[in-house]
Amino acid sequence: MKIALIGYGKMGKMIEEIAKSRGHEIVSIIDIDNQEEFESDAFASADVAIEFTAPQAAYGNYLKAFAKGVKVVSGSTGWMKEHGDDVRRMCSEEGRTLFWASNFSIGVAIFSAVNRYLAKIMNQFPQYEVSMEETHHVHKLDHPSGTAITLAEQIIENIDRKKEWVVGKVVNPDGSVNCCHTAVNGTEGEQASDALTIDSIRRGEVPGIHTIRYDSDADMITITHDAHSRRGFALGAVLAAEYTKEHEGLLTISDMFNF
């Protein structure tokens with residue numbers, strides 16, 4: 001398979017290594033300093049482009065790839081609220097293909113399936129209060145993580161007593177703490193009983209830890225996914241590219257893994 005890389009940071013380099021080890025060819029590498037490469041024949045020859053950049057750049061990258069008839073696998077977060085409807089339309093009506101996931105780790109895919117199943121069970125037991133905490137490296141500027149938001153939305157979908165997620169305590173890289181409950185709509189104040197709190201911690205070089213707790217007066221049930229390195233994310237992205245080559249439309253992890 002011919003792969004183009006959009007974004008050539010740590011993740012892009014790891015994806016390149018894994019893709020080559022699986023027998024694929026990297027035909028184009030695009031980073032911030034060579035955007036003209038989008039217009040090249042090499043880029044247009046790619047079966048799939050794998051995109052890991054920034055929220056403000058992702059949507060524009062999709063448009064440039066689609067214009068060349070190149071399918072896209074993307075792990076960029078933060079663009080969905082503003083551009084999600086356009087992307088869905090392009091994939092459903094214009095024949096474009098995007099495989100998007102907030103996290104490509106196989107372990108996270110399994111964890112997500114467990115999260116959905118546990119939430120369905122906990123819908124029957126209102127004595128358990130659910131909360132979430134995510135921890136990432138100090139270079140990650142956004143919070144909560146895209147993965148935490150995805151997990152929270154799964155919980156809200158399956159637990160009737162939860163209607164929205166809110167930003168909880170934020171521990172910054174310098175150790176300072178911001179403590180508030182900011183709802184999805186941007187309002188601040190006391191946490192409502194129908195809100196799911198997501199706490200965020202930024203420290204060291206942590207690849208990613210996501211913990212979901214169900215706490216009651218009697219006991220607490222906790223599930224955690226703890227990534228040892230970014231390699232699992234990179235492998236998942238290459239597996240997604242292999243899947244995307246043979247499929248069309250707006251694709252997700254749940255399409256690739258039938259849990």
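The values are calculated or read from the model by the stated rules, or taken from the named source; none is laboratory data. Just so we're clear, the structure is a prediction, and the values are computed from it rather than from any experiment. Virtual Cβ from ideal backbone geometry, glycine too; neighbours counted across all protein chains shown. Keep in mind that these areas ignore ligands, DNA and RNA; they rest on the heavy atoms of the full protein, side chains included. Shrake-Rupley method; radii C 1.70, N 1.55, O 1.52, S 1.80 Å.
What the table below lists for this structure:
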quantity	calculated
Matching option when the condition is within 19 Å of the chain's Cα centre (by Cα), open to solvent by less than 10 Å² (accessible area, probe 1.4 Å) and over 20 Å from residue 193 (Cβ atoms), among 145, 112	145
Hits in the stretch 219-259 - residues which are among the aliphatic types (A, V, I, L, M) and not in a strand (DSSP E or B)	227, 234, 235, 237, 238, 239, 240, 241, 253, 256
Qualifying residue in the stretch 211-218 (condition: open to solvent by 30 Å² or more (accessible area, probe 1.4 Å), within 21 Å of residue 154 (Cβ to Cβ), part of a loop (DSSP other than H, G, I, E, B) and of a type in the set (D, E, K, R))	no
Search result, residues across the stretch 148-199 that are open to solvent by 50 Å² or more (accessible area, probe 1.4 Å), closer than 16 Å to residue 81 by Cα and at pLDDT 95 or above	153, 164
Residue that is least open to solvent (accessible area, probe 1.4 Å) [pool: residues in the stretch 1-28 that are without any contact (Cβ under 8 Å) to a residue 60 or more places away in the chain and over 22 Å from the mean Cα position of the chain (by Cα)]	28
For residue 37: the one exception among (1) in a helix (DSSP H, G or I); (2) more than 15 Å from residue 233 (Cα to Cα); (3) open to solvent by less than 40 Å² (accessible area, probe 1.4 Å)	(3)
Selected residue (criterion: modelled with the lowest pLDDT) from residues of the stretch 242-256 that are closer than 18 Å to residue 87 by Cα and open to solvent by less than 40 Å² (accessible area, probe 1.4 Å)	253
Residue check, residue 121 open to solvent by 70 Å² or more (accessible area, probe 1.4 Å), more than 18 Å from the chain's Cα centre (by Cα) and aliphatic (A, V, I, L, M)	no
Any pair with Cβ under 6 angstrom, 6 or more apart, that starts in the stretch 51-66 at a residue that is β-branched (Val, Ile, Thr) and ends at one that is at pLDDT 95 or above	53/7
Residue ID - least open to solvent (accessible area, probe 1.4 Å), chosen from residues in the stretch 40-58 that are at pLDDT 95 or above and in a loop (DSSP other than H, G, I, E, B)	46
Count of the stretch 28-47 residues which are closer than 23 Å to residue 104 by Cβ and in contact with a Phe, Trp or Tyr (Cβ under 8 Å, 6 or more places away or on another chain)	4
